[in-house]
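Shown next, in structure tokens, is the structure this report addresses.
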Amino acid sequence: MGFPYRNRPKKKKAARPADPSAEELTGVVHHIVYHSSESGYTVCVITPTGSKDEITVVGNCQVVWEGETLLAKGTWIRHKQHGYQFKADSITCAAPVTALGIERYLASGLIKGIGKVMAKRLVKAFKDDTLRIIDKESAKLLNVEGIGNKRKEMIKQSWNDQKTVRDIMIFMQGHGIGTAQATRIHKRYGDDAIALVTENPYRLCRDVWGIGFKTADAIATSLGVPPHSTTRARAGLMHVLRVLTDEGHCYCPRTEFIENAECLLDIPTAILEAALDYELNEGSMVEDHARVYPASLFQSELTVAKRIAEISSHPPQFQPINVEKAVPWAEERMKISFAPQQHQALRISLSEKVSIITGGPGVGKTTIIQALVDVFQRRKLAVELAAPTGRAAKRLEESTSAQARTLHRMLKFRPATGDFEHGSDNPVKADIFILDEVSMVDISLMSAFLKAIPDHACLVLVGDKDQLPSVGPGTVLRDLIASEVVPCTTLDMIFRQEKQGLIVHNAHLVNRGEQLEIPNSEELLDFYFVEADEPDDVLARVMELATRRIPERFGFNPMTEIQILTPMRKNQLGADNLNVLLQQALNPSGTSIMRFGKPYRVGDRVMQIRNNYDKEVFNGDIGIIRKIDTVDQTVGIEYDRRIINYELSEIDEVTQAYACSIHKSQGSEYPAVIILMATQHFKLLQRNLLYTAITRGRKLVCLVGSRKAVNIAIRNNEIRLRRTGLKARLQETCR
């Protein structure tokens, strides 16, 4: 998808060209109206050589910058709205040769360290020779006002990089890879990118985020890789297994695995069987009872089961806590009386090495954590609080007044090696570990966490088993509870039920498969259902609620306190379309850039969509764009009072977050949420999806959509079972 580069005044229809029979057109690119980073489709305005007219050229071009000299071959057409245009069958671009073209070229943001003002100074100093000076005699740049050694080196390095990147982009886009992906390929492989991809294109889907098997396979085909080759068969098998793990599975039965690969690849079974045996011998996959695992997930299941058994059986290093005294002491300190279920949860957690506390919203899980922290700290024991996401860790810290960290920060992830500093050889030093939001923890992260816990430590796992499962593979919390090898307390008595507290009440109704309760009242409530059946009506109601009605009536800031949640990313009611509309409505002007087909603007609410361990920002983290520097080519985004700088080539790691998918909202709470439920989301309408969405709202929930869609979601309790062997391994290891 692409967007216009910037707003441009409407022009009159182009007049009839002087030579409508011309099949070739040369000129300087004056303005890029549109360029798709994926397809290369381009609409640009050029000034033909020897003319002052402006001509619109339409066609496909891998890479194009303002100021370049463009050669187009094609024919003239007459567009009924825009008049005459040159429709190009082929477009090639070359570095500009005129001073005007060079200035426009350098001012376009191509070279780091050069903006519009500096571009003008350079061309004034060196005229038509500017690009040669930058390339061959960069020391002369020091004679230009505003350029010191640091900026000179920045300009020179950026110039060299863009030359290499341009060649890579042209090669990659010639094989169907867009600008964003080509940039990531260059970042991963450097100047050797073309050679490495030519040697084995399938390495792309393994090494480069955002590139899948189909793209790599298309490149391989164009490079002449035989369709039945062993290389293609092995890559295809890895892809099939990766798709399954992306869906949350840890393994696939061997027969089904081969059948899936055969359907995808159209390769004979014998070749696929041989390729699978090769991968099994190499150790990238493991077969266990006719189940094929990625080796890492197989090992993670073994580790989780083993560590639960070891920690459970190893005695603690402190004297047992007198539960009969500790619980009344905690009640007196907190000035509350614990309910019977809470008494049970405290007794088990204070006396067992490993325990689980589960339950929905408002049932007192946080109260139990606070009591545990107070009791353990009273005994002067070292307590570690952790959660899988930054937002969840922050909420845990606020509710307990004790330090809480994300698992990655607690374990100290090392980006260079892809592992953690803390592990079995270097455990985290603590007596007690309390892990919240365990439903979000996948099998790999749980394995790493348990390896970093000393045998003598006590472990308390807290989470809501009825929420959506982790984004990564496995169902760790459900498997632990179902195995019955760890003592578990289920809290189901609602305590957080304030006056008009319909959020918690309706969440539990949904979880029990019962209809929502929405009183007909003029009083301010915390839960509303706004009925709208047609997609256009749903969209209109959501926009009105987010931009006007909720801010005016409840005082919530639409930029920072209202979150729109939708089941999916695509289609009219998906997060992508909603973000475009909400950006236009809530943040329509200001400094902005266009990168990879998306507009980014200062003030935008954005979300990180992949883990970046170097920057210590993680999938799902929400921030605000505070600064866009087109000269240094950086974007500054504030996350929890930290400013993180992104290169423009990295900005596709974030996306607008005025709206997001319900899956992406896991572990978060927002002051106000607007939830979309429409029948066009039919395939995703499930009870745990709606339940998770409702429990994201802290003070206000507005459900917008059709009653039919809501009822479908409430009735559909068919949880998509994930294939995991953890339950059986726990039962085998711990008993």
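The values are calculated or read from the model by the stated rules, or taken from the named source; none is laboratory data. Quick caveat: nothing in here was measured; it's all calculated off a predicted structure. Heads up, the Cβs are rebuilt from the backbone with ideal geometry, glycines too, and the neighbour counts pull from every protein chain shown. Accessible surface is based on the protein model in full, side chains and every heavy atom, while ligands, DNA and RNA are left aside. Shrake-Rupley method; radii C 1.70, N 1.55, O 1.52, S 1.80 Å.
Collect the residues in segment 406-441 that are in contact with a helix residue (DSSP H, G or I) (Cβ under 6 Å, 6 or more places away or on another chain), under 25 Å from Glu352 (Cβ atoms) and either open to solvent by 60 Å² or more (accessible area, probe 1.4 Å) or of a type outside the set (A, V, I, L, M, F, W, C) (or both), keeping them in residue-number order. If the condition is that a residue be in contact with a helix residue (DSSP H, G or I) (Cβ under 6 Å, 6 or more places away or on another chain), under 25 Å from Glu352 (Cβ atoms) and either open to solvent by 60 Å² or more (accessible area, probe 1.4 Å) or of a type outside the set (A, V, I, L, M, F, W, C) (or both), then His422, Gly423, Ser424, Asp436, Glu437, Ser439 are the ones that fit.
Across segment 267-275, not a single residue is classified as of a type outside the set (A, V, I, L, M) and within 30 Å of Thr366 (Cβ to Cβ).
Being within 20 Å of Val354 (Cβ to Cβ), in contact (Cβ under 8 Å) with a residue 40 or more places away in the chain and either open to solvent by 30 Å² or more (accessible area, probe 1.4 Å) or not in a helix (DSSP H, G or I) (or both) is the filter here; which residues of segment 380-405 pass it? Hits for segment 380-405 are Leu381, Ala382, Val383, Glu384, Leu385, Ala386, Ala387, Pro388. Of all residues in segment 661-686, those being more than 16 Å from Arg569 (Cβ to Cβ) and within 20 Å of the chain's Cα centre (by Cα) number 5. Residue by residue through segment 430-487, note down the ones that are in a helix (DSSP H, G or I) and within 21 Å of the chain's Cα centre (by Cα). Residues satisfying the conditions are Val438, Ser439, Met440, Ile443, Ser444, Leu445, Met446. Within segment 504-536, the residues that satisfy the criterion of being in contact with a Ser or Thr (Cβ under 9 Å, 6 or more places away or on another chain) and among the charged types (D, E, K, R) are Glu531, Asp533, Glu534.
Filtering segment 658-680 to residues that are modelled with pLDDT under 90 and either open to solvent by 10 Å² or more (accessible area, probe 1.4 Å) or not in a loop (DSSP other than H, G, I, E, B) (or both) leaves His663, Lys664, Ser665, Glu669, Thr679, Gln680. For segment 134-149, a residue qualifies if it is part of a helix (DSSP H, G or I) and farther than 27 Å from Arg184 by Cβ, and the qualifying residues are Lys136, Ser138, Ala139, Lys140, Leu141, Leu142, Asn143, Asn149.
Per-residue answers, yes or no, for (1) out of contact with any His (no Cβ under 9 Å at 6 or more places or on another chain); (2) without any contact (Cβ under 8 Å) to a residue 24 or more places away in the chain; (3) closer than 30 Å to Arg254 by Cβ; (4) open to solvent by 40 Å² or more (accessible area, probe 1.4 Å):
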site	(1), (2), (3), (4)
Leu264	no, no, yes, yes
Leu276	yes, no, yes, no
Glu282	yes, yes, yes, yes
Glu301	yes, no, yes, no
Ala309	yes, no, yes, no
Asn322	yes, yes, no, yes
Gln344	yes, no, no, yes
Glu352	yes, no, no, yes
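Taking (1) surrounded by fewer than 22 Cβ atoms within 10 Å (Cβ to Cβ); (2) over 26 Å from Ile494 (Cα atoms); (3) of a type in the set (Phe, Trp, Tyr) in turn, Trp329 satisfies each apart from (2). Which one is farthest from the chain's Cα centre (by Cα) among residues in segment 595-631 that are surrounded by fewer than 17 Cβ atoms within 10 Å (Cβ to Cβ), among the charged types (D, E, K, R) and not in a strand (DSSP E or B)? Applying the filter and picking the extreme gives Asp614.
When segment 688-712 is filtered for residues that are among the basic types (Lys, Arg) and either assigned to a strand (DSSP E or B) or open to solvent by 10 Å² or more (accessible area, probe 1.4 Å) (or both), the ones remaining, listed by number, are Arg698, Lys699, Arg707, Lys708. Residue by residue through segment 45-71, note down the ones that are of a type outside the set (Val, Ile, Thr), within 39 Å of the chain's Cα centre (by Cα), open to solvent by less than 40 Å² (accessible area, probe 1.4 Å) and within 29 Å of Leu122 (Cα to Cα). Of everything in segment 45-71, those that are of a type outside the set (Val, Ile, Thr), within 39 Å of the chain's Cα centre (by Cα), open to solvent by less than 40 Å² (accessible area, probe 1.4 Å) and within 29 Å of Leu122 (Cα to Cα) turn out to be Cys61, Glu66, Gly67, Glu68, Leu70. State whether the residues of segment 148-167 include one that is open to solvent by 20 Å² or more (accessible area, probe 1.4 Å), of a type in the set (Lys, Arg) and touching a Gly at 6+ places or on another chain (Cβ under 7 Å). Yes, that holds for at least one residue. In segment 537-554, the residues that are outside any helix (DSSP H, G or I) never reach a residue that is of a type in the set (Val, Ile, Thr) and open to solvent by 80 Å² or more (accessible area, probe 1.4 Å) with C-beta atoms less than 7 angstrom apart, at least six apart or across chains.
Would it be correct to say that Ala88 is surrounded by 16 or more Cβ atoms within 10 Å (Cβ to Cβ), among the small types (Gly, Ala, Ser) and touching a strand residue (DSSP E or B) at 6+ places or on another chain (Cβ under 7 Å)? In short, yes. Quick one: would you say Arg206 is in a helix (DSSP H, G or I), modelled with pLDDT of 90 or more, open to solvent by 40 Å² or more (accessible area, probe 1.4 Å) and over 20 Å from Thr164 (Cβ atoms)? The answer is no for Arg206. Within segment 238-257, being part of a helix (DSSP H, G or I), buried (at least 19 other Cβ atoms within 10 Å of the Cβ) and touching a strand residue (DSSP E or B) at 6+ places or on another chain (Cβ under 9 Å) holds for Met238, Val240, Leu241, Leu244, Thr245, Phe257. Note on segment 113-133: among residues that are modelled with pLDDT of 85 or more and not in a helix (DSSP H, G or I), the one that is surrounded by the most Cβ atoms within 10 Å (Cβ to Cβ) is Ile114.
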